[in-house]
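**Q** Here's a structure for you.
The values are calculated or read from the model by the stated rules, or taken from the named source; none is laboratory data. From a predicted model like this one, the values you see are computed outputs, not experimental measurements. Cβ sites come from the backbone with ideal geometry, for glycine too, and all protein chains shown count toward neighbours. Keep in mind that these areas ignore ligands, DNA and RNA; they rest on the heavy atoms of the full protein, side chains included. Shrake-Rupley method; radii C 1.70, N 1.55, O 1.52, S 1.80 Å.
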Amino acid sequence: MQSAVYKQFALRMLSGNWGISLLAVLSTMLVQAMITTQLDLSSTDPSVMLVSIGLLYGATVLLAPLEMGRNWIFLDIAKAEKPRFGLLLESFGSVKDYVRAVTYYAVFYLGLNVLMLFLIVPGVWFYLTYRMVPFILRDQPELSAFAAMRESRRLMHGKKQVMLRLYASFIGWYVLVLMTGGIAYIFVQPYLHTALGGLYLEIKAEKQANETTAG
């Protein structure tokens, strides 16, 4: 499908679900803001900056279940299932789910930041390859974080350009986010993430159909 079709799909699925979508985004933004306001990321002292970055990374990883839960909410919306706000905190109630969320985001953000530090293209490749992991962990709760990463790599084989074009189609929306001082972000995030959920469902169905035919 073209990017416009995924975006139309997202708007259709969000109809009647904007309330929980905005609440999920605002809740995670509030927690993130509480963390970042306590750190001195503008300091010119290298040691202070390094400590702040380390603390920010640690806090981001420890709160990974929030980001995982937000993805689960948008996947349920894409699947036309009634999303529960409790999904945002669900991984905190299970040691297995918490470990999976923390492991994935620790590896994901570390790999992404290291690659982007040296070369942008490998960083983008890494992001596109493993972006589907939260959706996979929702659909296949028996998988470990690393098994889900392997599955994401399999699903995204030959599909990275499709996802990249979808992200590119949202550039205008992120310009609006900048123009509104970030306010539009709370509307753009549900829109984008639900579109990504639709892309995931299509790729998954296509891969399963191909495997059935091949078998």
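**Q** Check T194 against each of (1) hydroxyl-bearing (S, T, Y); (2) open to solvent by 10 Å² or more (accessible area, probe 1.4 Å); (3) at pLDDT 95 or above; (4) under 17 Å from S21 (Cα atoms) and name the one condition it does not meet.
**A** Unmet for T194, out of (1) hydroxyl-bearing (S, T, Y); (2) open to solvent by 10 Å² or more (accessible area, probe 1.4 Å); (3) at pLDDT 95 or above; (4) under 17 Å from S21 (Cα atoms): (2).
**Q** Under 28 Å from V5 (Cβ atoms), among the small types (G, A, S), exposed (fewer than 14 other Cβ atoms within 10 Å of the Cβ) and modelled with pLDDT of 90 or more: which single residue out of G158, G123 fits that description?
**A** Numbers: G123 fails: exposed (fewer than 14 other Cβ atoms within 10 Å of the Cβ).
Selected residue: G158, the only one of G158, G123 that is under 28 Å from V5 (Cβ atoms), among the small types (G, A, S), exposed (fewer than 14 other Cβ atoms within 10 Å of the Cβ) and modelled with pLDDT of 90 or more.
**Q** For region 194-215, state whether one or more residues are under 19 Å from E67 (Cβ atoms), over 13 Å from the mean Cα position of the chain (by Cα), outside any helix (DSSP H, G or I) and free of Cβ contacts under 8 Å to residues at least 60 places away in the same chain.
**A** Scanning region 194-215 turns up no residue that is under 19 Å from E67 (Cβ atoms), over 13 Å from the mean Cα position of the chain (by Cα), outside any helix (DSSP H, G or I) and free of Cβ contacts under 8 Å to residues at least 60 places away in the same chain.
**Q** Contact list please: Cβ distance under 9 Å, first residue in region 1-26 and farther than 25 Å from L66 by Cβ, second residue part of a loop (DSSP other than H, G, I, E, B) and among the hydrophobic types (A, V, I, L, M, F, W, C), pairs at least six apart or on different chains.
**A** S3/F170; K7/F170; F9/M1
**Q** Does L63 satisfy the condition of being within 14 Å of the chain's Cα centre (by Cα), farther than 30 Å from A205 by Cα and modelled with pLDDT under 90?
**A** On the way: within 14 Å of the chain's Cα centre (by Cα): yes; farther than 30 Å from A205 by Cα: yes; modelled with pLDDT under 90: yes.
Answer is yes for this residue.
**Q** Being buried (at least 16 other Cβ atoms within 10 Å of the Cβ) and part of a loop (DSSP other than H, G, I, E, B) is the filter; apply it to region 9-60 and report the residue that is modelled with the lowest pLDDT.
**A** L39
**Q** So which of L128, L115, L143, L110 is surrounded by 12 or more Cβ atoms within 10 Å (Cβ to Cβ), at pLDDT 95 or above, on the phi < 0 side of the Ramachandran plot and in a helix (DSSP H, G or I)? If you could, list the steps in order and put the result at the bottom.
**A** Working: L115 fails: at pLDDT 95 or above; L143 fails: in a helix (DSSP H, G or I); L110 fails: at pLDDT 95 or above.
Every option except L128 fails the conditions.
**Q** Counting only residues that are open to solvent by 20 Å² or more (accessible area, probe 1.4 Å) and not in a helix (DSSP H, G or I), which one in region 174-191 is modelled with the lowest pLDDT?
**A** Among them, the one singled out is G182.
**Q** Then there's this: Evaluate the following for R138: is it open to solvent by 80 Å² or more (accessible area, probe 1.4 Å) and touching a helix residue (DSSP H, G or I) at 6+ places or on another chain (Cβ under 7 Å)?
**A** Details: open to solvent by 80 Å² or more (accessible area, probe 1.4 Å): no; touching a helix residue (DSSP H, G or I) at 6+ places or on another chain (Cβ under 7 Å): yes.
No; evaluated as a whole, the condition is false for this residue.
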